[in-house]
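Asker: Below is a structure I'd like to ask you about.
The values are calculated or read from the model by the stated rules, or taken from the named source; none is laboratory data. Since the model is a prediction, treat every value here as computed from it, not as a measurement. Every residue, glycine as well, gets a Cβ built from its backbone with ideal geometry; the counts of neighbours run over all protein chains shown. Note: areas computed on protein heavy atoms with side chains; ligands, DNA, RNA excluded. Shrake-Rupley method; radii C 1.70, N 1.55, O 1.52, S 1.80 Å.
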Amino acid sequence: MDAFTAGLLQRIKATESDLSRARDEGDDFLVEVELAELDDLRRLAAEHGVEVGASGV
């Protein structure tokens with residue numbers, strides 16, 4: 001796994017964690033921000049052929 005792929009997967013994992021925390025805290029604005037970030041990261045992964053495991057987020 002190259003550095004780009006590893007970094008991208010780590011960012012996705014961190015964003016999923018941040019999203020979960022925002023949901024737990026009831027911070028609707030932060031949930032929207034994290035969802036948008038997650039969408040962008042998943043789009044970037046798809047554009048570069050990086051397979052992202054399905055999550056419950």
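Asker: Can you tell me which residue is surrounded by the most Cβ atoms within 10 Å (Cβ to Cβ) among those in region 45-55 that are in a helix (DSSP H, G or I) and of a type in the set (Gly, Ala, Ser)?
Answerer: Ranking the qualifying residues of region 45-55, first place goes to 45.
Asker: Taking the options 42, 21, name whichever one is among the basic types (Lys, Arg), open to solvent by less than 90 Å² (accessible area, probe 1.4 Å) and at pLDDT 95 or above.
Answerer: Sole residue among the options that is among the basic types (Lys, Arg), open to solvent by less than 90 Å² (accessible area, probe 1.4 Å) and at pLDDT 95 or above: 42.
Asker: Contact list please: Cβ distance under 9 Å, first residue in region 13-35 and of a type in the set (Lys, Arg), second residue in a helix (DSSP H, G or I), pairs at least six apart or on different chains.
Answerer: Hits for this filter: 21/30; 21/34; 23/30; 23/31; 23/34.
Asker: Testing residue 1 on (1) open to solvent by 80 Å² or more (accessible area, probe 1.4 Å); (2) more than 18 Å from residue 53 (Cβ to Cβ); (3) more than 14 Å from the chain's Cα centre (by Cα), one condition comes back false. Which one is that?
Answerer: (2)
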